[in-house]
Amino acid sequence: MSEPNNLIVLAATVAYMVALSLISVYALRYSRSASSYTSGTGHGGKAIPAFLIGLLLMSEFIGTTASVGTAQYGYQFGISAGWNVAVLGIGFLVFSFLLARKYKELGENTISGVLSSVYGPRVKVATSVIMIFALQIVAVSTLASASAVLAPLLEIDRQLAIVVVGVLASLYVGIGGMRSVIYTNVIHGVVIIGGIFLAMSFGLVQVGGLSGLNAAVPPEFWSLTNVGWSQIIAWLVAGAGATFATQYVIQAIATVEDGNKARVATIWSSVMLIPLGFAAAMIGVIASVLYPGIESLQAFPTLIGDMNTFLASLVVAGLAAAAFGTISALNIGSATLMLKDFYMPMTGRTAADPKSLRFVRVMTVMVGLIPLLLALVAADVVKVTFLAKALRAALAVLVFMAFYSPRFGTRTGAIVSIGLALVGTIGWFLAGNPWGIDNAYVALCVPLVVMTISHLFRGAQADAVPAAGSGGGVSGPGAR
C-alpha cells in the first residue's frame, strides 16, 4: 500500500476511534454509580433490545483473534478452520435453550455470583480468579492479533500498535462503562460483518471466483474435517464452555428485559457467528492461493494490503472494531468481578458509594493495560485464546451442575475443581498437550471427576450442597 493510501487508511481508523470516544462520553449518563456502570442500565433500569444484545455478544467473540486467527488456520488447513468460530454459534444455540433464561431469572451479573449461590461464598473468589485469568489471556491474544494486522497496514511499529489499541480501548470503556460497551460493540458488530465479507468478496474476485479457487487449492481444503475431528471436538468443548460461562456474556444477558429476550438474544448471536467463521476461513484459503509461502498469521493482513484505499479503510476499521469490541468486553468483565468479589467485600462499601464507582473505573483501565507486555511475545493467537476458552469450559461444567443438579458433589469439591482445572489445564497446555490429548478435555474432565469423587465420599453434611430453588436448581434472586 502506497504512503498516501496508507495515510488515508490511518486517518479513517483514527476517525473511527474518535467516534467511539464520543459515544463513550454520551454513555456517561448511564454510569452514575458502580451498579449502573457495570450493568449498563440507567434511567429506571431500561433494558436493551434482544437483537442488539445478540449483535453485542457476536462482536465480543469475533475479535481479531477469531478473524485473523481463523484466516491463519484457513491458510494452513482450508475451510474446516471455520469451525474455530462456528462452534461458538453452536454453543450459543445450546445456551439459548438450556441456560439463557436461567441466568436472567437468577438475577446475577457475575459468573462467581451464579456459582456461589449454590456452592457457597468460598467458591466466589476461586471462580473470579480463574475467570479474570482467562479473560486476561484472551486480551493478550487479541492485542497480539490486532497488532499483526494494524502494524503492517498502517506502517507503524508492532509494539506501538499493541500499546495504541490497548490504551485506547481501555480508556473509552473506562469512561462509559457497560453502556458504552453495548453502544460501541453494536457498531463494531456491523463493521466487523461488513469487513470480513468485503475482504472475502475482494479475494474471490482476485482468484477468479469460486471456480478459480477450486482449481487452485488441494481438494482437502474443501473438507469440513481436514483440521481433524479431535481438533473440531476440542474447539466445540472449549467454545461451548466459553459461551456457557464467560463473565461478559452473563453481564450482557443481564441487560435484557426477561428470560425470553435472553433466549432470543443468544439465538441471534448463533445465527451471525456460524457464517462469519467460515467466511474468515475462506479468506485464509484465498490467501494460500494468492500469497504462497507467507507467514500464515499474515494471511488476512496481506490480502487487505492489495485492496484499494476505500475498501482497505473499511476492512481495517472492521478489524480495529473487532479488537476494540473484544478488549472492552474483557475489561468491563474483569473489573466487575474485582469490584463485586474483592473490593466491596473487603471495604464494606456498596455499589452506590461514589468510591466504588471510582474503583471500578480505574480497574477497567488497569486490567486493559496489564496484558500489553505479554502481547509483545504472543505468537499463535488461536492456541493462546483457545487455552482461555478451555479454562472457561471447566466453569461451564459447574454451571450446568449448579442449575440442573445442585446437590451433586460438595462445596469443597467445587473449590478443588476450580483450582485443579486451572493448574491442570495450563500445565497440560505448556507441556504441549501430551499424547495428542487437548487441554480442553482436561478442563472438561477435572470438575467431572472431582465432583463425582466428592459426591461419593462426602462426609460432613455441612459440606454437602443444599437444594436451592424450585426443581432442585438455582432459580432467582432468592436462591442467593
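The values are calculated or read from the model by the stated rules, or taken from the named source; none is laboratory data. Bear in mind that the values here come from a model prediction, so they are computed numbers and not experimental data. Note: ideal-geometry Cβ built from the backbone for every residue, glycine included; neighbour counts use all protein chains shown.
The single residue among Lys383, Lys355, Lys340 that is at pLDDT below 75, surrounded by fewer than 24 Cβ atoms within 10 Å (Cβ to Cβ), at negative phi and in a helix (DSSP H, G or I) turns out to be Lys383. Can you confirm whether the stretch 430-444 contains a residue that is of a type in the set (Gly, Ala, Ser) and farther than 25 Å from Gly91 by Cα? Taking every residue of the stretch 430-444 in turn, at least one turns out to be of a type in the set (Gly, Ala, Ser) and farther than 25 Å from Gly91 by Cα. Those residues that are in contact with a Phe, Trp or Tyr (Cβ under 8 Å, 6 or more places away or on another chain) and either among the polar types (S, T, N, Q) or in a helix (DSSP H, G or I) (or both), I need them from the stretch 299-314; list them, please. Across the stretch 299-314, the qualifying residues are Ala299, Thr302, Leu303, Leu311. Filtering the stretch 245-298 to residues that are assigned to a loop (DSSP other than H, G, I, E, B) and either free of Cβ contacts under 8 Å to residues at least 40 places away in the same chain or not small (Gly, Ala, Ser) (or both) leaves Thr246, Thr255, Val256, Glu257, Asp258, Tyr291, Pro292, Gly293, Ile294, Glu295. Say we look at the stretch 185-227 and pick out the residues that are touching a residue at least 40 places away in the same chain (Cβ under 8 Å) and farther than 26 Å from Gly305 by Cα; which of these is farthest from the chain's Cα centre (by Cα)? Once the filter is applied, the top-ranked residue is Glu220. Just so you know, in the stretch 284-304 the residues that are hydroxyl-bearing (Ser, Thr, Tyr) and either modelled with pLDDT of 90 or more or touching a Ser or Thr at 6+ places or on another chain (Cβ under 9 Å) (or both) include one that is farthest from Asn214 (Cα to Cα), and it is Ser296. If only residues of the stretch 305-337 that are modelled with pLDDT of 85 or more and closer than 16 Å to Glu155 by Cβ are counted, the one that is surrounded by the most Cβ atoms within 10 Å (Cβ to Cβ) is Met307.
Within the stretch 219-234, not a single residue is at pLDDT below 85, polar (S, T, N, Q), closer than 23 Å to Phe61 by Cβ and touching a Gly at 6+ places or on another chain (Cβ under 9 Å). Tell me yes or no: at least one residue of the stretch 153-163 is of a type outside the set (Lys, Arg), touching a Ser or Thr at 6+ places or on another chain (Cβ under 7 Å), modelled with pLDDT of 75 or more and more than 21 Å from Thr336 (Cα to Cα). Among the residues of the stretch 153-163, at least one is of a type outside the set (Lys, Arg), touching a Ser or Thr at 6+ places or on another chain (Cβ under 7 Å), modelled with pLDDT of 75 or more and more than 21 Å from Thr336 (Cα to Cα), which makes the answer yes.
I'd like to check which helices (runs of 4 or more DSSP H) are fully inside the stretch 82-127 and have at least 2 residues that are crowded, with 24+ Cβ neighbours inside 10 Å, within 16 Å of the chain's Cα centre (by Cα) and of a type in the set (Phe, Trp, Tyr).
Of the helices (runs of 4 or more DSSP H) lying wholly inside the stretch 82-127, those with at least 2 residues that are crowded, with 24+ Cβ neighbours inside 10 Å, within 16 Å of the chain's Cα centre (by Cα) and of a type in the set (Phe, Trp, Tyr) span 83-98.
Within the stretch 405-428, being of a type in the set (Gly, Ala, Ser) and either over 23 Å from the mean Cα position of the chain (by Cα) or under 18 Å from Val114 (Cβ atoms) (or both) holds for Ser405, Gly409, Gly413, Ala414, Ser417, Ala421. Scanning the stretch 429-444 for residues that are surrounded by 11 or more Cβ atoms within 10 Å (Cβ to Cβ) and more than 22 Å from the chain's Cα centre (by Cα) yields a total of 2. Just one of the listed residues (Val173, Val186, Val181) is surrounded by 20 or more Cβ atoms within 10 Å (Cβ to Cβ), farther than 23 Å from Val271 by Cα, modelled with pLDDT under 90 and among the β-branched types (Val, Ile, Thr), namely Val173. The set of residues from the stretch 265-282 being surrounded by 17 or more Cβ atoms within 10 Å (Cβ to Cβ) and out of contact with any Gly (no Cβ under 6 Å at 6 or more places or on another chain) comprises Thr266, Ile267, Met272, Leu276, Ala279, Ala280, Met282. Filtering Gly241, Gly212 for residues that are surrounded by 22 or more Cβ atoms within 10 Å (Cβ to Cβ), assigned to a helix (DSSP H, G or I) and either touching a helix residue (DSSP H, G or I) at 6+ places or on another chain (Cβ under 7 Å) or not hydroxyl-bearing (Ser, Thr, Tyr) (or both) leaves a single hit, Gly241.
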